[in-house]
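Heads up: the structure comes next, in structure tokens.
The values are calculated or read from the model by the stated rules, or taken from the named source; none is laboratory data. Only a predicted model underlies this, so the values are computations on that prediction, with no experimental measurement involved. Using ideal geometry, Cβ is built from the backbone for each residue, glycine included, and neighbour counts are taken over all protein chains shown. Just the protein is used for accessible areas: all its heavy atoms, side chains included, with ligands, DNA and RNA removed. Shrake-Rupley method; radii C 1.70, N 1.55, O 1.52, S 1.80 Å.
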Amino acid sequence: MKINSYKDFCSFQNVSRETYEKFIIFHKTLIKWQKSINLISRNSVDNVWERHFLDSAQLYKIIKDINGNIIDFGSGAGFPGLVLAMMGHKNIHLVESDKKKCTFLREVSMLSETDVTVHNSRIENLEFFDVELITARALAPLNKLIDYAEVFVNKSLTNKKPPKMLFLKGKSYSQEISNLSEKENFSIKEFKSITNKFGKILYINKINMLNIKNG
């Protein structure tokens, strides 16, 4: 199915009327702001519903049992964190170092009445708080994302269970996994992407040995 409009997207995702209206606001505000700041790549504007909204929304069913805080590293235009919040996930924190993008995220949140917390901060400067899941999309190579996550987790002075990680990756995902050879304490479960035939969704847990499973 080709997703060319918010009606296609909402029908495909089977969202409520209230959620449907939130996404209309998100899209209209995105297009408005895109004229003055580069929120998404220009060549993806015409395919935004599939390339960005659906790409982010596909994570929802994977993390439906997550109840704690979720941090979205490098939120940018709100993908995937703001999309997941609109679909019903609670306690979502959007981390973005660009002040203008943070203003955009807050405006969409306000206009759509979507409850998120926006942090205008670099990841390494973010103050620690308990987190159950860390997400990121198109931000950095896998080893760098894990380094970001570990730096954040290591700020804790307790021995609480480390957060899970969920990252959207493109066709280079297998090479990025190979580059983790020295990190032998992660279990990585792979899910097929419904928007990128070459991409994968990587669900990562910190354990005692690297174990790759296909989902």
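Of everything in segment 79-122, what is open to solvent by less than 30 Å² (accessible area, probe 1.4 Å), in a helix (DSSP H, G or I) and over 14 Å from residue 26 (Cβ atoms)? Give them in sequence order.
102
So which residues in segment 54-73 are under 20 Å from residue 41 (Cα atoms) and in contact with a strand residue (DSSP E or B) (Cβ under 6 Å, 6 or more places away or on another chain)?
72, 73 - these are the residues of segment 54-73 that are under 20 Å from residue 41 (Cα atoms) and in contact with a strand residue (DSSP E or B) (Cβ under 6 Å, 6 or more places away or on another chain).
Criterion first (of a type outside the set (A, V, I, L, M, F, W, C) and more than 24 Å from residue 51 (Cα to Cα)) does residue 161 satisfy it?
When the stated conditions are applied, residue 161 passes them.
Which one is nearest to residue 102 (Cα to Cα), of the residues in segment 60-72 that are touching a Lys or Arg at 6+ places or on another chain (Cβ under 9 Å) and buried (at least 23 other Cβ atoms within 10 Å of the Cβ)?
Within segment 60-72, the match that is nearest to residue 102 (Cα to Cα) is 72.
Are any residues in segment 32-49 farther than 16 Å from residue 8 by Cβ and open to solvent by 60 Å² or more (accessible area, probe 1.4 Å), and if so, which ones?
The answer is 32, 35, 36, 38, 42, 43.
I'd like to know if segment 137-158 contains one or more residues that are on the phi > 0 side of the Ramachandran plot and open to solvent by less than 20 Å² (accessible area, probe 1.4 Å).
No: segment 137-158 contains no residue that is on the phi > 0 side of the Ramachandran plot and open to solvent by less than 20 Å² (accessible area, probe 1.4 Å).
Could you please let me know if residue 52 is free of Cβ contacts under 8 Å to residues at least 40 places away in the same chain, part of a loop (DSSP other than H, G, I, E, B) and open to solvent by less than 50 Å² (accessible area, probe 1.4 Å)?
So residue 52 does not fit the description; no.
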